[in-house]
Each structure stands twice: as structure tokens, then as C-alpha cells.
1. Say whether the condition of being open to solvent by less than 70 Å² (accessible area, probe 1.4 Å), at pLDDT 90 or above and assigned to a loop (DSSP other than H, G, I, E, B) is met by at least one residue in the stretch 84-101.
2. Name every residue in the stretch 7-22 that is under 43 Å from the mean Cα position of the chain (by Cα) and either open to solvent by 50 Å² or more (accessible area, probe 1.4 Å) or more than 14 Å from Leu77 (Cβ to Cβ) (or both), in order of residue number.
3. Against the condition free of Cβ contacts under 8 Å to residues at least 24 places away in the same chain and more than 16 Å from Gln76 (Cα to Cα), how does Gly38 come out, does it pass?
4. Out of all the residues in the stretch 161-173, is one or more out of contact with any Pro (no Cβ under 9 Å at 6 or more places or on another chain), more than 13 Å from Gln121 (Cα to Cα), open to solvent by less than 40 Å² (accessible area, probe 1.4 Å) and not β-branched (Val, Ile, Thr)?
5. Among the residues of the stretch 126-142, which ones are over 14 Å from Val111 (Cβ atoms) and open to solvent by less than 40 Å² (accessible area, probe 1.4 Å)?
6. Out of Gly30, Gly38, which single residue is among the small types (Gly, Ala, Ser) and over 22 Å from Ala69 (Cα atoms)?
7. Can Gln61 be described as at pLDDT 90 or above, loosely packed, with under 14 Cβ neighbours inside 10 Å and not hydrophobic (A, V, I, L, M, F, W, C)?
Amino acid sequence: MALPIMAKATAVWLVDNTTINFKQIADFVGMHELEVQGIADGDVAAGVKGFDPIANNQLTQEEIDAAQASPTHKIQLKYNAAAQGEEKRRGPRYTPLSKRQDRPASILWLVKFHPELTDGQVSKLVGTTKPTIQAIRERTHWNISNIQPIDPVALGLCKQSELDAAVQKAAAKKAAAGEVMNDDERRKLVSTEQSLGMDDEPKMPTAIEGLETFTLSGNPADDDDEPQGDFSDAESFFKTPVAEDDEEAKDDESKADEENKKG
């Protein structure tokens, strides 16, 4: 429901100049009934000058008469075609001066963790301009080396509900276009609180991809079929094999020695 301008001053005028009950006035100006009663008692809005809603084209005399005649009548704001859409925010979000230096950090966070967001969505979330977003995307910003990504929700630049709505909208648009998302992009579509609670999944370095099953030795099953040698005798490691020619030469020498002894 649209509220009148200068609501408290309008309530003061209605309390002083009409017999409309406190409940009706409270519903019309968006205040609590006890607060309107405090205005009547002089405890609230002391020194506030009444604002005439009839002279300022917010109420008609007929509407006030109907509210005074019926305690259950809800006061309706006068239709003003020129005022339609004024409550709707236009342009980028206003950012307080104390938080404007944090906008590059939040832009870098959104670009890094939610690349599916368009420049227009990022601009609405943190209240910045598209050239600044483009400079951070392309890493041509004058201070890019000193910018650290920080969640805009943690910085108070936007609400968690607004960020989630923008991410879901970007995901729906991407799905409607028929683009297939990979696992990394799908994980980024959850809310920030959920993403912070997820465990990091181990990834295979690109330098050794395809070598998951590579081993230096052969198949372990093949090693079991090979005969195993007897290594119980340690001296066998130091014995050199004797050639057959050397054995025959030794036999001839031994026979010659025996014949010389007999002669």
C-alpha cells in the first residue's frame, strides 16, 4: 500500500482536525496505533506541524467524511497519475561514501565466483558502473593488483536474498539458452552460505592428467607368476658363474699333474 508523504505530519493533522480513530490513521500513514495515540496525548511528534493532506492532493474531503462515518473504513490515498512509479528505484543502487572504496573488492568477488552474472546485474547489486566492471573483468583496473575479492553481502552492499535472486535468474537464462554448465559453474549457483559450507573437492593437476593408473612396475598379477629365487644363502650373491671352458682346463691340468707324479 502506498503511503502519504510526510506521514507523521499527516497523522498530526488528522488527529487535530478529524474524528477518525487511531487505528484508521495508523493504517493510512503506516504507523503503529499506539504511536498515533501518543501523538494525540502529546508524547510523540511534539513540535511537528500538521500537513494538510487535502490541500496537498493526497486525500479528498469525501474520503475523510466516509472514514469519520464508519470506524471500519480504510482510508485510501488519492490517485495521482504523476506520482505513479516514484517508489520504484531508478538507476544504480546508491552506495554510502563510507563503503564506496569496497565496491571493487565486491565486483571482483562477483566476477570470480559468479561469472554468469551480467554487467547489469552486478551494477544493480553493488551500485557501480559498467566500465568499472569491465575493467575488473579484463584486469585492467588501475588498482587490480591490490584488490582482494570480498563477498558484497559481508560488506553490506547488497542483501543475501538479492544476490541469490540474481544468481538464480542468471542460471535460468543460461539454461533457457541451452548452454550446458560444468560442475564448477553448477556449484556456484547455490547461495553464498551454502557455498561457504561446502568441502573443497580434490582436483587432479592438469600436468599429470591421464596418468592415474600409471605405475613404475608391471602388473602385480604378473609378478606373482614369476618364480622367486632362494636368497637364504648370502654368499651366493658374491659367487661368480664359472664357464665350461674353464672347468675343462682345470680337469686337464689335474690329469697332467697326476701323470707327472706317477712318472
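The values are calculated or read from the model by the stated rules, or taken from the named source; none is laboratory data. Owing to the predicted nature of the structure, the values given are computational and were not obtained by experimental measurement. Reconstructed Cβ throughout: ideal geometry from the backbone, glycine too, with neighbour counts over all protein chains shown. Just so you know, the surface numbers come from the protein's heavy atoms only, side chains and all, with ligands and any DNA or RNA stripped out. Shrake-Rupley method; radii C 1.70, N 1.55, O 1.52, S 1.80 Å.
1. No, the conditions are met nowhere in the stretch 84-101.
2. Across the stretch 7-22, the qualifying residues are Lys8, Ala9.
3. yes
4. Within the stretch 161-173, none of the residues are out of contact with any Pro (no Cβ under 9 Å at 6 or more places or on another chain), more than 13 Å from Gln121 (Cα to Cα), open to solvent by less than 40 Å² (accessible area, probe 1.4 Å) and not β-branched (Val, Ile, Thr).
5. If the condition is that a residue be over 14 Å from Val111 (Cβ atoms) and open to solvent by less than 40 Å² (accessible area, probe 1.4 Å), then Gly127 is the only one that fits.
6. Only one candidate qualifies: Gly38.
7. Yes, satisfied.
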